[in-house]
1. Could you grab me the full set of residues in the stretch B:88-108 that are in a loop (DSSP other than H, G, I, E, B), modelled with pLDDT of 95 or more and more than 9 Å from chain A (Cβ to nearest Cβ)?
2. Do the conditions hold for residue B:225, that is, is it part of a strand (DSSP E or B), assigned by TED's automatic domain parsing to the domain that holds residue B:27 and among the aliphatic types (A, V, I, L, M)?
3. Just give me the residues in the stretch A:303-320 being more than 14 Å from chain B (Cβ to nearest Cβ) and in contact with a Gly (Cβ under 7 Å, 6 or more places away or on another chain), in sequence order.
4. How do the pairs read when you match residues in the stretch B:402-415 that are surrounded by 10 or more Cβ atoms within 10 Å (Cβ to Cβ) with residues anywhere that are of a type in the set (Lys, Arg) and modelled with pLDDT of 95 or more, using Cβ under 6 Å and keeping only pairs 6 or more apart or on different chains?
5. If you go through the stretch B:275-302, how many residues are within 14 Å of chain A (Cβ to nearest Cβ), outside any strand (DSSP E or B) and in contact (Cβ under 8 Å) with a residue 24 or more places away in the chain?
6. For the stretch A:224-245, what are the residues that are surrounded by 15 or more Cβ atoms within 10 Å (Cβ to Cβ) and of a type in the set (D, E, K, R)?
7. Checking residue B:201 against (1) of a type in the set (S, T, N, Q); (2) out of contact with any strand residue (DSSP E or B) (no Cβ under 9 Å at 6 or more places or on another chain); (3) under 24 Å from residue B:254 (Cα atoms); (4) not in a loop (DSSP other than H, G, I, E, B), only one condition comes out false. Which one?
8. Given the conditions (1) in a helix (DSSP H, G or I); (2) over 20 Å from residue B:53 (Cα atoms), report the number of the one that residue B:158 does not fulfil.
2 protein chains.
Amino acid sequence: MKYQPVKGMDDFYPKEFAIREWLSNNLAQEARKFGFTQVSSPALESLKLLTAKSGDEVKEQIFFTEKKGSEELGMRFDLTVPMTRMFVAKQKETQKPVKWFAIAPMWRYEAPQKGRAREFMQLSVELFGSANPEADATCINLIIACMEKVGLTSKEITIKINNRKLIEGLLAELVPEKNVAQLVQLIDKSAKISSEEFAKQAKALDVKKIEDVQKIISVKGGPTVLGKVKEFKLNAIAKKGLDELESTLALVDKKYITVDLSIARGLAYYTGNVYECFDKEGKYRALAGGGRYDELVRLFGGDATPATGFAIGLAPITVMLAEKGLIPKLTMGPEYYVAPVDEKVLEKSLEIAQKIRSQGKSVDIDLLRRKLNKQFDYANSIGAEKIVIVGEKDLALNQVTVRELKTGKEEKVALNKI
Amino acid sequence: MKYQPVKGMDDFYPKEFAIREWLSNNLAQEARKFGFTQVSSPALESLKLLTAKSGDEVKEQIFFTEKKGSEELGMRFDLTVPMTRMFVAKQKETQKPVKWFAIAPMWRYEAPQKGRAREFMQLSVELFGSANPEADATCINLIIACMEKVGLTSKEITIKINNRKLIEGLLAELVPEKNVAQLVQLIDKSAKISSEEFAKQAKALDVKKIEDVQKIISVKGGPTVLGKVKEFKLNAIAKKGLDELESTLALVDKKYITVDLSIARGLAYYTGNVYECFDKEGKYRALAGGGRYDELVRLFGGDATPATGFAIGLAPITVMLAEKGLIPKLTMGPEYYVAPVDEKVLEKSLEIAQKIRSQGKSVDIDLLRRKLNKQFDYANSIGAEKIVIVGEKDLALNQVTVRELKTGKEEKVALNKI
């Protein structure tokens, strides 16, 4: 019997791996350019931590392991939770702000779709210790830098932004306070359900006039639509949220920005600006998402610390880049392929391969004692650039034949010149 | 309450991460130089696959997850099993040999020790499709290249090598055939248990004369000790094993080799040469280990295919390199730190930061609106190289002040020259 990979989890063969590596190297490079340093955490966390401050939906999606020893463990579903735990552990001894990123897999048990697997990789960027809008702006500008780095511009993508305080403040005027959080969760799902279903669920939350909610969440447009928001009844919380949003937008590249009051972000831990990056055609899942989570550090046992961050999913962006032809041709083959003409020159061929490697080049060599024409086929199939043909006659003259695979051009090269 | 990382699993803060990254980049670079290409597989595999051909010890160590849907899943305990599954899936459509490597974490529930965590990273190198000694030699030569790359030479390390056919053939003369595999497993543990315990367990396997076993497994030394082996009674299997071993050793750098007939490798799937790399002082756990596993592809549902490979554990080698002072100083700080003198120049400072980034440099910037001296402290703490001081007076002259942190040297730089 053959074994399959686990449902919803992907193997990355050399070509797919090279694309993922190209993308993650580009993202990491941008994060470093913005002064973030990379960290990593275990795949497993205590179930207590994972369920401490996550929405119910996420809890159901955790892969948890059979109990080993005294701890109940689960596989991480994001990187913000582990990085916040890591921050709390070193909070006292580290100068603020702390700027970290991680690029790593995580796991969620949910229906697999194109661009959404049960194991998926994200770049996760976290910034602990600054409540200022320039911290949020740094994150948003870094998303833009990442997108531009791989060839996506404001022609193709937009960042939809909202503020949790603003939306919660506005909604507090329309539903009983205890139902505000649930209404936010409902709004977060609103694009995925019918308007009847939305109305039904909103009614269950004691929304007096659905139209008032609809009016709020239909605010969408460039930064200037914030003018419309000022016409709503703004309580103190809503005003604070609006101020956070405006002062952040002042520091980012506005051509990338769409204010959208229906953006809420599912996770329960957001407290301020929230945003998601989408392709403008609306063809793909969110490419990135993030926001401010000023309460999480305290909830995880640390001293109250403002925090903000975002994640970029590698799969959705790869799907989009592939369809747009924006993934460059990546070389994977070795620079040299050493082809022994027969067994007699095998040892010498291995020596020659080692010599070329010692100059920092990548070198493959025949391991099946094949005839030369079969070796040429193989060298072609792996994408080698040059073949070094090692034969007795050449060796007697202290030379080998080097053939460029693309052009077929051959030349004799002295052994001490190789 | 504060949350701890899971017992036996490590967080990698920026410094530790940088070391791990330095090491894994070096290892990946060497693997590529030998013509291997990188792949990756999910953390989870079906429990059926994981338990198909592993020793009992390994089975007990698997972290398996609560059943989700119809599949029973477990976390991988090595990378050979998943890569072999991946090979089987593409076997028909791919030219042989297939040369892959992966660098990734894996999980085993066992007692944590220095250099052995419950989550650990390995470079795993697999070579499918060649039964020839040059394939084994390629693997061993790659181990040597990896070690030399990070500064370890034959002064510090040695590769202990044996052959499963040789040892099994020799032992088949001393115990009932059905107990040979178990005796090999016992020999594999022999260094960790007392000689009384060894004798007791060997007796339970119907070993006639313990001394004969002792004599065999005490064969240790440079490649020339194979002369001694020829004095033992060699059946056809043992002879085949000896030939495999000798023809491989002819193609590797012999100064790194110790023949050691007590090396068996715990995993049940090895069929030919087996080897482990150790420091010569015997202070550390095995740095690398591998061997030939010609039956695994067929057992996983593929067409019978010879295969060989090895793994290098990142943790043991890091412990050794650290103690020997062989880990280079790694720079983690940004090249520039932009310091706004006050809030009035914040927006301009962000612009300057972006401009320097657009030249490919890494740039951090104050996010806490601190006084200049506090900013200097912070820039120092993160290891920045240069500070760009942005003040109104300078800006009025279209310039900024750039200060080298190490020397304290300052110069004025025109805005259009930055």
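1. none
2. Details: part of a strand (DSSP E or B): no; assigned by TED's automatic domain parsing to the domain that holds residue B:27: yes; among the aliphatic types (A, V, I, L, M): yes.
So residue B:225 fails the test.
3. Residues satisfying the conditions are A:310, A:311, A:316, A:319.
4. Listed pairs, sorted by first residue: B:402/B:386; B:404/B:386; B:410/B:403.
5. Quick first cut of the stretch B:275-302, residues within 14 Å of chain A (Cβ to nearest Cβ) only: B:292, B:296-302.
From what is left, the residues that are outside any strand (DSSP E or B) are B:296-302.
With in contact (Cβ under 8 Å) with a residue 24 or more places away in the chain added as a condition, the list becomes B:296-297, B:299-302.
Residues meeting the conditions: 6.
6. If the condition is that a residue be surrounded by 15 or more Cβ atoms within 10 Å (Cβ to Cβ) and of a type in the set (D, E, K, R), then A:228, A:240, A:244 are the ones that fit.
7. Only one criterion is unmet by residue B:201, namely (3).
8. It is condition (1) that residue B:158 fails.
The values are calculated or read from the model by the stated rules, or taken from the named source; none is laboratory data. Since we're looking at a predicted model, the values are computed, not measured. Note that we place each Cβ from the backbone using ideal geometry, even for glycine, and neighbour counts take in every protein chain shown.
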